[in-house]
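The values are calculated or read from the model by the stated rules, or taken from the named source; none is laboratory data. Since the structure is predicted, the reported quantities are computational estimates derived from the model, not experimental observations. Glycine also receives a Cβ, built like all others from the backbone with ideal geometry; neighbour counts cover every protein chain displayed. Quick note on the areas: whole protein, heavy atoms, side chains included, nothing else; ligands and nucleic acids left out. Shrake-Rupley method; radii C 1.70, N 1.55, O 1.52, S 1.80 Å.
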Amino acid sequence: MANHRIFLVSTICAAALAACGSESGPASDTGAETAGPAAFETAGQSEAIGQSTGVTSGQTIQIVGSSTVYPFTTAVAEQFGARTAFSTPIVESTGTGGGMKLFCAGVGSSEPDFTNASRRIKASEFEMCQENGVSSVVEIPVGYDGIVISNVKSSPAMDITSKQLFTALAKQIPASDDDCTMQDNPYTNWSEIDPALPDETIEVYGPPPTSGTRDAFVELGMAKGAAGYACLAEMEESDGDRFEAIAHTLREDQRWIDAGENDNAIVQTLTKTPTAFGVFGYSFLEQNQNRLQGAMVDGVEPSFDNIASGDYPISRTLFVYAKGQHAELVPGFQEFVNEYTSEEAMGEFGYLTEKGLIPLPADRVEEVRAASRALEPMAGPPSE
């Protein structure tokens, strides 16, 4: 990969954040996010777009990946740069999938040192890393996030089931609960699905296929909703691949609109489109709670406590992955890991919690801290 790349140079994010379980937390670590705006605007501030400077990994820590995790990692990078003699890490928002491709491209001064991810690394990505010589992949779970369905407060609030969500947004749906003859989704209004839902056109803005938030949304939200159809539940057991293809395929008729890798851009769109909904991480909802509201899903409100407990159904773990082979190559590599995993950063009352990250349980934090600081590499690909 060329040494000269355009990076988003981090400034302190005062507000606006990102979103997106673990064995001991909400939802499964196999979950399935977003990120990569040309500029990340928040509360009147905007990220400066770095020019091509020739900076290499040997000089400054370089981080790519999820837009959901981006604000949290930016906060750590700013703290690290202010408190140590090392350069402030350069953080680029590329989306989880894009970040993995960059991270796994190889080892050396032109390659990223860390990547943010709003879902766990896929087995195929892990294998790509190994094939390209990235043999030491250190997995750092940093906290929890929930994926919300949100609209502006001036519009009716949504109370929706997972099955209704699938019915509204799937490209194809069964002919009936017991008949899995698939048909193109005929619904144009929410109220056509259930009169209790808003009498408005279905218009949902969400992350693109490269996004970890998108992956998690279809894994945790759409798939659960699909299984609400009896015939699809049977299909999940008998033909998992076909079930996944149906459950994970969103509409392409402008009822679901890919809105790019910038979750904050979706927030801005909602303020201008009162009848629309957006799908993004909980922290963006929290940072915009004066103007946005989150829909209840299966009767559960998307709140800090409900996500931390796993009660909210669309919850996930957020990750940072470190390239262990760069520990000796990059000044401050180990110290940055130490800062990210410190009690002051990711603890229950840490500065990342103040920014909207939902912390891991105390015992899980200790486990993650010990393994991460020892730079223990993953023993093998995650099960899927």
| Eligible lysines near Lys101 by straight Cα distance, threshold 21 Å, same-chain separation 8 or greater | Lys122, Lys323
| request: Can you send over the solvent-accessible area of Tyr340, 1.4 Å probe, protein chains only, in Å² to the nearest 10? | output: 10
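Does region 255-339 come out rounded, prolate or oblate, given a ≥ b ≥ c as the square roots of the eigenvalues of its C-alpha gyration tensor, rounded meaning a/c under 1.5 and, failing that, prolate meaning a/b above b/c? All intermediate terms of the calculation are to be shown ahead of the outcome.
Working: a/c = 2.80, a/b = 1.81, b/c = 1.54.
It is prolate, given that a/c is not under 1.5 and a/b is the larger ratio.
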| request: Calculate, in nm to one decimal, what Thr84 and Asn189 gain on full extension: separation in residues at 0.36 nm each, minus their alpha carbon distance. | output: 32.3 nm
| query | So for the pair Ala196, Ala230, with labels modelled 7 Å out along Cα→Cβ, what separation do we get in nm? | reply | 2.1
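Quick one: putting +1 on the C-beta of Lys and Arg, -1 on the C-beta of Asp and Glu, what dipole do you get for region 209-323 around its Cα centre, in Debye to the nearest 20?
Numbers: 9 positive and 18 negative charges, 109 e Å.
So the dipole magnitude of region 209-323 works out to roughly 520 debye.
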| Counting only protein heavy atoms and using a 1.4 Å probe, what share of the accessible area of region 119-188 belongs to carbon plus sulfur, as a whole percent? | 44
| query | Top to bottom by accessible area (1.4 Å), largest first, where do Leu360, Leu102 land? | reply | Leu102, Leu360
| field | Accessible surface, 1.4 Å probe, highest first, among residues Ser87, Ser238, Ser155 | value | Ser238, Ser87, Ser155
| request: For Lys171, list the aspartates and glutamates whose Cα falls under 13 Å from its own Cα; do not include residues on the same chain fewer than 8 positions away. | output: Asp184, Glu244, Glu252, Asp253
| said: Could you work out how much longer the chain between Ala362 and Ser110 gets when fully extended? Use 0.36 nm per residue separation minus the Cα distance between them, nm to one decimal. | reply: 87.1 nm
| task | Starting from the Cα gyration tensor of region 115-203, take the square roots of the eigenvalues, sort them a ≥ b ≥ c, and report rounded, prolate or oblate (rounded when a/c is under 1.5, otherwise prolate if a/b is larger than b/c, else oblate). | result | oblate
| request: List the residues whose amide H sits under 5 Å from the amide H of Tyr205, counting only those 5 or more places along or on another chain, with H placed 1.01 Å from N in the peptide plane. | output: Ile257, Phe277, Gly278, Val279
| What length, rounded to one decimal in nm, is gained on full extension from Val300 through to Ala175, with 0.36 nm per residue of separation minus their alpha-carbon distance? | 42.2 nm
| said: Just to be sure I understand the model, the point goes 7 Å from the Cα along the line to the Cβ. What's the resulting Asp239 to Arg291 distance in nm? | reply: 4.6
| Applying the Karplus parametrisation 6.51 cos²θ - 1.76 cosθ + 1.60 with θ = phi - 60° to the phi angles of region 231-242, what ³J(HN,Hα) value in whole Hz is obtained for each residue in order, glycine and proline being reported as x? | 5, 6, 4, 5, 4, 4, 7, 8, 8, x, 5, 5
| field | Virtual spin-label span in nm between Gln334 and Phe349, 7 Å along Cα→Cβ | value | 3.1
| field | Heavy-atom surface of region 87-169, accessible at 1.4 Å and reported per residue (Å²) | value | 27
| remark: Per its Cα gyration tensor (rounded if a/c is under 1.5, else prolate when a/b beats b/c, else oblate), region 133-184 is best filed as oblate
